[in-house]
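The values are calculated or read from the model by the stated rules, or taken from the named source; none is laboratory data. The structure displayed is predicted, hence computed values, not measured ones. Please note: Cβ atoms are built from the backbone with ideal geometry, for glycine as well, and neighbour counts cover all protein chains shown.
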Amino acid sequence: MEAITKLKESNIRIFAFTNQHHISKGDVSLDDFEMEFASYGFNKAYICPHDPKDNCYCCKHSSYMLLQASKEFNLDLTKCAVIWILNYPNI
């Protein structure tokens with residue numbers, strides 16, 4: 001939260017790109033995730049709600065969500081940084 005606040009104070013926009021297959025299972029809603037990311041201070045969250053078996057176009061590692069953000073917010077991707085966080089429960 002502190003890092004996000006400092007970046008936003010420097011007029012840097014912050015986006016989340018995430019796979020959330022629990023949405024497709026009905027365990028949680030897309031709105032729940034969007035509200036959660038907004039509460040953290042993200043400008044917008046791009047969320048793939050599909051099951052990994054769906055082979056959708058928006059699932060990370062695809063660049064779809066990043067390209068969508070670049071279009072919506074007129075981002076120059078040569079001047080953007082992406083922080084990739086992997087969740088490994090056993091680490």
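Residues that are within 23 Å of GLY26 (Cβ to Cβ) and in contact with a Leu (Cβ under 8 Å, 6 or more places away or on another chain) within segment 47-67 comprise ILE47, PRO49, listed in sequence order. Looking across segment 2-40, just one residue is part of a strand (DSSP E or B), hydrophobic (A, V, I, L, M, F, W, C) and under 22 Å from ASN55 (Cβ atoms), and that is PHE17. Of all residues in segment 71-86, those being more than 13 Å from ASN43 (Cβ to Cβ) and in a helix (DSSP H, G or I) number 4.
Only one of the numbered conditions (1) modelled with pLDDT of 95 or more; (2) touching a Phe, Trp or Tyr at 6+ places or on another chain (Cβ under 6 Å) is violated by TYR57, and that is (1).
Which count do you get for residues in segment 25-34 that are loosely packed, with under 14 Cβ neighbours inside 10 Å and either in contact with a strand residue (DSSP E or B) (Cβ under 7 Å, 6 or more places away or on another chain) or among the small types (Gly, Ala, Ser) (or both)? Result for segment 25-34: 3.
Among the residues of segment 8-24, the one identified as without any contact (Cβ under 8 Å) to a residue 24 or more places away in the chain and surrounded by 14 or more Cβ atoms within 10 Å (Cβ to Cβ) is HIS22.
When MET65 is tested against (1) within 19 Å of ILE85 (Cβ to Cβ); (2) at pLDDT 90 or above; (3) assigned to a loop (DSSP other than H, G, I, E, B), just one condition goes unmet, and that condition is (3).
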